[in-house]
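> My structure is below; once you've seen it, I'll send some questions.
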Number of protein chains: 2
Amino acid sequence: MAEKVTISTVARHAQVSRQTVSNVLNAPHIVRDETRRRVEEAIAALGYRANQAARQMRTGRSRLVAVRIEPTRDGINGSVLDRFLHGLTETADAAGYRVLLYTARDDGHEIDTYDDLLGAYDLDGFVLTGTDHGDPRTAWLAERNVPFVTFGRPWDAAEAHPWVDVDGAAGTAQATQRLLDTGHRRIGFIGWPAGSGVGDDRRSGWRTVMAAAGLAGAAPHRETEDGIAHGEREMRALLAADEPPTAVVCVSDSLALGALQAVRAVAASVAVVGFDDTPVAAVVGLTSVSQPLAAAAARCFELLTGLLDGQPTDPHVLLSPTLVLRHTA
Amino acid sequence: MAEKVTISTVARHAQVSRQTVSNVLNAPHIVRDETRRRVEEAIAALGYRANQAARQMRTGRSRLVAVRIEPTRDGINGSVLDRFLHGLTETADAAGYRVLLYTARDDGHEIDTYDDLLGAYDLDGFVLTGTDHGDPRTAWLAERNVPFVTFGRPWDAAEAHPWVDVDGAAGTAQATQRLLDTGHRRIGFIGWPAGSGVGDDRRSGWRTVMAAAGLAGAAPHRETEDGIAHGEREMRALLAADEPPTAVVCVSDSLALGALQAVRAVAASVAVVGFDDTPVAAVVGLTSVSQPLAAAAARCFELLTGLLDGQPTDPHVLLSPTLVLRHTA
């Protein structure tokens with residue numbers, strides 16, 4: 001494979017210093033005409049591409065946006081952020097931007113990674129996913145005036161930055177209302193442990209609708225980590241109660257799939273609704289709340305470029321999910 | 001939000017030209033001591049980060065690798081490349097590299113995108129996915145001496161570049177052998193239309209094992225585009241034959257899931273094996289051939305960095321898949 005054409009290659013070919021090549025690219029007016037022509041001829045002959053540095057000096061933009069890619073988990077809920085990433089990349093591409101990926105084990109490592117990334121690439125900004133209470137990442141970026149947008153609202157009042165989120169409470173409220181409309185009265189909820197912004201928000205939609213219907217006393221709920229096996233276990237616990245629910249709303253499709261297995265194992269007739277409308281939900285016929293992920297990604301990108309263009313620094317967008325009806329509710 | 005600290009900001013603060021700042025970063029020996037100190041103090045005071053350009057001038061590496069992200073399809077087979085992408089990003093991160101994403105509607109647009117990307121960013125190379133006969137992308141990159149590795153072997157003899165692939169024929173051969181070992185004799189295949197490298201390879205594994213067992217006459221096969229509905233239709237056609245198969249190997253999990261629906265709709269007892277071991281397969285209990293995607297991604301990255309280090313330009317790695325046994329076979 002032939003050598004890559006770099007500034008050094010051009011310099012050797014034109015018999016000038018690398019600095020002179022750099023000058024031709026970045027400050028051509030300070031270079032003598034004859035020298036400039038020789039360098040330009042070498043650039044053309046070698047097919048050298050003025051790199052990002054030269055371009056960025058002219059535009060002040062790198063057109064690079066960084067986003068974290070999560071580790072592959074059970075492949076069910078993980079697909080949500082993959083779909084967000086597809087949407088973000090497509091929107092960015094259409095605007096001439098590219099998406100740079102990074103990984104991190106946790107928020108602390110993510111902050112270390114910001115430092116590395118900002119040192120190595122001249123990024124225009126970050127799109128953060130998965131916000132939660134006391135998020136250290138937003139504070140770190142804000143202190144350093146690094147532009148960023150979050151997919152996920154700030155869960156603490158003090159934060160003010162652009163964000164896009166999906167109204168989880170509205171999604172579970174729709175699901176619960178649908179179950180009430182089809183005659184259910186004892187409607188349970190299988191959620192994540194209290195304290196997570198997203199999980200508490202989703203639980204609140206179910207709780208509010210049940211309370212408004214005067215059914216707060218017929219609303220058993222369970223809390224558990226995510227996963228099919230956990231959903232199955234918690235559903236078994238609900239079914240073992242004296243008055244088991246006739247329907248259950250779950251905070252995720254993983255938990256709902258587990259709940260469905262528990263229901264089918266005892267041939268019970270219990271409606272189940274999941275959250276996230278994952279590909280697995282479509283295949284098994286699970287009714288589920290669907291997030292508009294492509295729209296969310298597009299709005300995140302718009303807010304970030306708006307920020308770079310000097311637009312207000314704290315717009316926010318709350319999108320509504322929709323309930324996708326299938327066989328289970 | 002405060003202004004981003006750029007070379008211009010540093011220049012203003014230190015009361016020198018941008019070129020002088022650039023010189024301090026890239027050729028400090030040509031700058032007077034007193035001026036260099038002033039610029040270095042400004043860099044420290046403002047927290048300016050020497051960007052990619054400066055770094056790259058020293059190392060000759062951008063540590064950026066580009067990979068295409070496919071449009072979201074049915075979320076079943078699409079998850080394969082998402083898992084590859086996770087693996088690639090994690091391996092790259094561990095080596096201090098980052099992954100840049102791009103999209104493209106087809107191979108022609110992908111080539112246009114190469115041109116854009118090479119013009120805008122000083123990429124170290126590309127990881128291409130989804131190779132097929134007469135691939136125009138590899139020829140384009142090879143002509144321009146752009147380093148690249150493909151996940152997927154070259155399907156034409158003339159190509160010689162580093163590649164990593166998974167032995168699809170070995171996967172369907174394992175599946176077919178398993179079915180023979182458990183007593184099946186009439187074993188069908190639902191594949192993609194003849195002519196695709198990957199599809200023909202997977203079909204050949206089934207065909208070879210059936211022929212070796214003297215059962216070429218008991219091996220009905222169907223060809224169709226991918227998708228659950230197509231799988232269901234083709235399985236119905238197989239079941240309607242005079243001597244329907246008692247087992248079927250499918251070229252993808254999407255087709256296998258459709259086949260499974262057709263089997264269950266008529267309460268038939270037909271074993272079904274899919275390909276790709278997607279999350280949906282795990283949930284519905286589908287036996288499926290699993291590709292070692294994290295390993296494939298890691299090897300792709302190793303071959304690409306090997307190429308940059310001047311190692312041989314045409315190594316290749318063929319990985320073996322494994323059969324994951326569940327309820328359907």
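> I'd like the projected area of region B:91-182, averaged over all directions, using the convex hull of its alpha carbons. Report it in nm² with one decimal.
The directionally averaged projection comes out at 8.5 nm².
> In square angstrom and rounded to 100, what buried accessible area do you get between chains A and B, total over both, with the probe at 1.4 Å?
On the way: alone 15970 and 15940 Å², together 26580 Å².
The summed interface area works out to 5300 Å².
> May I ask for the longest run of chain A untouched by trypsin sites (Lys or Arg not before Pro) that are loop-located per DSSP and have at most 11 neighbouring C-beta atoms (other than their own) within 10 Å?
Value returned for the longest uninterrupted segment is A:106-329.
> I've got another one for you. At 1.4 Å probe radius, can you tell me the per residue accessible area of chain B in Å²?
With the other protein chains kept in place, chain B gives 40 Å² per residue.
> For chain A, which whole-number percentage of the solvent-accessible area (1.4 Å probe, protein heavy atoms only) is attributable to carbon and sulfur atoms? Present the calculation step by step, with values, prior to reporting the outcome.
On the way: 6720 of 13310 Å².
About 50 percent, which is the carbon plus sulfur part of the accessible surface.
> To one decimal place, what Kirkwood hydrodynamic radius in Å is obtained for region A:168-290 from all pairs of distinct Cα atoms?
Hydrodynamic radius (Kirkwood, Cα only) of region A:168-290 equals 13.7 Å.
> For the Cα atoms of chain B, what angle does the longest principal axis make with the long axis of helix B:107-120, in degrees from 0 to 90, nearest 10?
Approximately 20 degrees, to the nearest ten.
> P(r) of the protein assembly as shown in 10 Å steps, Cα pairs, percent per bin?
Reading the bins upward from 0: 3, 14, 21, 22, 19, 12, 6, 3, 0, 0.
> Report the label-to-label distance for A:Leu325 and A:Ser17 in nanometres (one decimal), using points 7 Å from each Cα along the Cα→Cβ vector.
For A:Leu325 paired with A:Ser17, the spin-label model returns 7.6 nm.
> In whole Å, what are the Cα extents of chain B along the three principal axes, biggest one first?
92, 45, 31
> Take every DSSP beta bridge with both residues inside the protein assembly as shown and express the antiparallel ones as a percent of the total, to the nearest 5.
15 percent
> Just the number, please: percent antiparallel of the DSSP beta bridges in chain B, rounded to the nearest 5. Mind showing how you got there, number by number?
Details: 3 of 34 bridges.
Counting DSSP beta bridges with both partners in chain B, the antiparallel share is about 10 percent.
> Average partner chain C-beta neighbours within 10 Å, per residue of A:82-89? All intermediate terms of the calculation are to be shown ahead of the outcome.
Numbers: counts 10, 4, 0, 5, 8, 1, 2, 7.
Per residue, the average neighbour count from other chains is 5.
> Which of B:Thr176, B:Thr129, B:Thr20 moves the most in a Gaussian network model of chain B with Cα springs under 10 Å?
B:Thr20
> Here's a follow-up. Per residue of B:284-291, how many C-beta atoms from partner chains lie within 10 Å of its own C-beta, taken as a mean? Intermediate values should be presented prior to the final figure.
Working: counts 4, 0, 1, 0, 0, 0, 0, 0.
Across B:284-291, the average partner-chain Cβ count within 10 Å equals 1.
> Further, regarding this structure: Buried by at least 30 Å² relative to the chain on its own: which residues of region A:238-282 qualify, computing accessible area with a 1.4 Å probe on protein heavy atoms?
A:Pro279, A:Val280
> For the residue pair A:Ala157 and B:Arg236, what label-to-label distance in nm results when each label sits 7 Å from Cα along the Cα-to-beta-carbon direction?
6.0 nm
> Using only Cα atoms, find the angle between the long axis of helix A:197-212 and the longest principal axis of chain A, and express it within 0 to 90 degrees, rounded to the nearest 10.
Taking Cα atoms only, the helix is inclined about 30 degrees.
> Here is a follow-up. Given springs between every Cα pair under 10 Å in a Gaussian network model of chain B, which of B:Asp165, B:Asp242, B:Asp107 has the largest fluctuation?
Comparing B:Asp165, B:Asp242, B:Asp107 in the GNM, the peak value goes to B:Asp242.
> Over region A:206-304, what relative contact order in percent results from Cα pairs under 8 Å that are six or more residues apart? Mind dumping the intermediate values first?
Numbers: 128 pairs, mean separation 20.3, N = 99.
Dividing the mean separation by the residue count of region A:206-304 yields 21 percent.
> Hey, can you grab everything whose amide H is under 5 Å from the amide H of A:Ser62? Only 5+ residues off in sequence or another chain; H modelled, so Pro and N-termini drop out.
Residues meeting the criterion, in which the H sits 1.01 Å from N, are A:Asp124.
> Using helices alone, what [θ] at 222 nm do you get for chain B, with -39,500 (n - 2.57) per DSSP H run of 4 or more residues, divided over all residues and rounded to the nearest 500?
It comes out at -14500 deg cm²/dmol, rounded to the nearest 500.
> Let me have the relative contact order for chain B, percent, based on Cα pairs under 8 Å that are six or more residues apart.
17 percent
> Can you tell me which of A:Val248, A:Val266, A:Val31 moves the most in a GNM of chain A? Springs connect C-alpha atoms under 10 Å apart.
Highest fluctuation among the options: A:Val31.
> As I understand it, the value is the acute angle between the Cα axis of helix B:33-46 and the longest principal axis of the Cα atoms of chain B; what does it come to in degrees, rounded to 10?
50 degrees
> Evaluate peptide A:92-104: per residue, the Cβ atoms of other protein chains within 10 Å of its Cβ; return the mean as an integer.
So the per-residue partner count for this stretch is 5.
> Starting from the amide H of B:Val324, placed 1.01 Å from N in the peptide plane, find each other amide H under 5 Å away whose residue is 5 or more places distant or on another chain.
For B:Val324, whose amide H was placed from the backbone, the distant partners under 5 Å are B:Ser288, B:Val289, B:Ser290.
> Once you list every other residue whose beta carbon is under 13 Å from the beta carbon of A:Gly306, what net charge do they have if Lys and Arg are +1 and Asp and Glu are -1?
On the way: positive: A:Arg299; negative: A:Asp124, A:Glu302, A:Asp309, A:Asp314.
For residues surrounding A:Gly306, the net value is -3.
> If exposed means no more than 14 neighbouring beta carbons inside 10 Å and the site is in a DSSP loop, what's the longest run of chain A without any exposed GluC sites (Glu not before Pro)?
A:4-224
> Beta carbons within 10 angstrom, averaged per residue: use that to sort the peptides A:273-281, B:289-297, highest first.
Going by the mean number of other Cβ atoms within 10 Å, highest first, we get A:273-281, B:289-297.
The values are calculated or read from the model by the stated rules, or taken from the named source; none is laboratory data. The structure displayed is predicted, hence computed values, not measured ones. Methodologically, a virtual Cβ is constructed for each residue, glycine included, from the backbone with ideal geometry; neighbour enumeration extends over all protein chains shown. Surface areas here come from the heavy atoms of the whole protein model, side chains and all, with no ligands, DNA or RNA. Shrake-Rupley method; radii C 1.70, N 1.55, O 1.52, S 1.80 Å.
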